[in-house]
Ligand code: BYC
């Protein structure tokens, strides 16, 4: 069904025929707009931003580009088309018809999954709200705002499900999504990473590369859900998510490119010299990778999780790309999990269903490698013998069995003293953060770039790189 833009809330769910739901969502809408004005991007509310807006959910031509003032963006409710024959694809109920309503016995866990997913969307907008003040170019500023408005729409997607399928407690949860705030000590966002400050653009690119990729894997897992409206909502969200990861991958790639230029110009890879030349040295970049990657690994939950087993058994949440796996039931099978044991490790055999978080995390790690291969290719081509790497999945964990020990980035268990003595070479220091912050100055002349990042290879939607992507008023 095409998206109806004539209504107050654009949608393709025939909202006009459910007056109660329409009224409830129209009641929530001004709260969302107030939240956007208070905690969305700081400034720029009167600027015209070159944004894409969804016009239909089919694969071809779902987006339309044009200049829009952000508060006028048409946030709405878009679900992928329904397959009337869809069957449950995994777990104990495999082969049964997908659910169009929430079964009473799964109300609480499904609501929790939707609330956790929904909570991350406004959280990320809050985390990024000051970045416009230090944008490295108008091209980047536009991409930031594109990401922000789409995260706002993803919040709408989850709020629709809460309102449409979870009655009064769903409506209350929808209100709470606007009341928790990223980094608020009294009422923080649910998941750790979404309370980390993002006050420089290097962190933004790391976030869109690593954290949005967690979003991709979690959405893919929920797109397998037996609860069909959730599955269809997540399928459409995934089409928007791809651009967010593109922003991260190309953003980090452009930093690497600029740093390599500076290394060539100065004839050295010495970090101090690169910093004097106004660039981001590769060891600093590595420390940011170590920080964000390890933080995002925690977003998959514990390595062994009875929650995950129950979700899988009941068809609430599958594995990303479930069809890639041979066995969709995973009963009576085991998974070998490496866990710390003193200063060494041992293998624990756990039921596969309990290992679902770890299985999806492993697929995520593989996906994260793609960008590193591309960035390392640039480094190698420039003639340098340096490699950016992903740290071990055991490094700096706060969730799961590895949270009880300290390891090197290579995953070797070490004492707390050794960790503390070496951490400054593994994770961003105060000095690193202050230096990155010192580079953050706003550049708003069309086509101009800040000195620490190379221009993109091409513009957005075939526009030139020096197109005025944001007209600032
Ligand atoms: N921080 O059994 P366990 C995105 C909690 S990103 C704090 O191991 P489970 C986006 C856990 O909730 C994708 N708490 O975990 C990206 C549980 O609490 P309860 C977001 C954590 O349940 C960029 C307890 O610890 N979507 O879309 O198997 C921009 C026991 O945990 C953390 C989702 O996450 C943590 N890191 O799995 C914008 C999908 N990890 O229930 C957007 C929905 C775990 O005992 N969420 N805990 O109170 C889920 O599927 C699951 O809740 C999790 C955890 C995968 C997060």
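Values quoted throughout were computed directly from the atomic coordinates according to the rules given, and no laboratory measurement underlies them. Here the structure is a predicted model, which means the values were calculated and not measured. Because the Cβ atoms are built from the backbone with ideal geometry, glycine has one as well, and the counts that use them run over all protein chains shown.
Taking every alpha-carbon pair within the chain, the share separated by more than 30 Å comes to 48 percent. So what's the gap between the Cα centers of segment 399-473 and segment 1-48, to the nearest angstrom? After rounding, the separation between the Cα centres reads 33 Å. Computed over segment 1-133, the convex hull of the alpha-carbon atoms projects to a mean area of 10.6 nm². Over all directions, the projected convex hull of the C-alpha atoms in segment 365-473 averages 10.9 nm² in area.
Between residue 8 and residue 190, the simple label model (points 7 Å from Cα in the Cβ direction) yields a spacing of 2.8 nm. Fewest-first ordering of 234, 330, 368 by other beta carbons within 10 Å of each residue's beta carbon gives 368, 330, 234. How far is the Cα center of segment 94-162 from the Cα center of segment 298-358, in Å? That distance is 25 Å. Here the residues 425, 294, 124, ranked from fewest to most Cβ neighbours within 10 Å of their Cβ, fall in the order 425, 294, 124. In terms of surrounding Cβ atoms within a 10 Å radius of their Cβ, 49, 423, 13 rank from fewest to most as 423, 13, 49.
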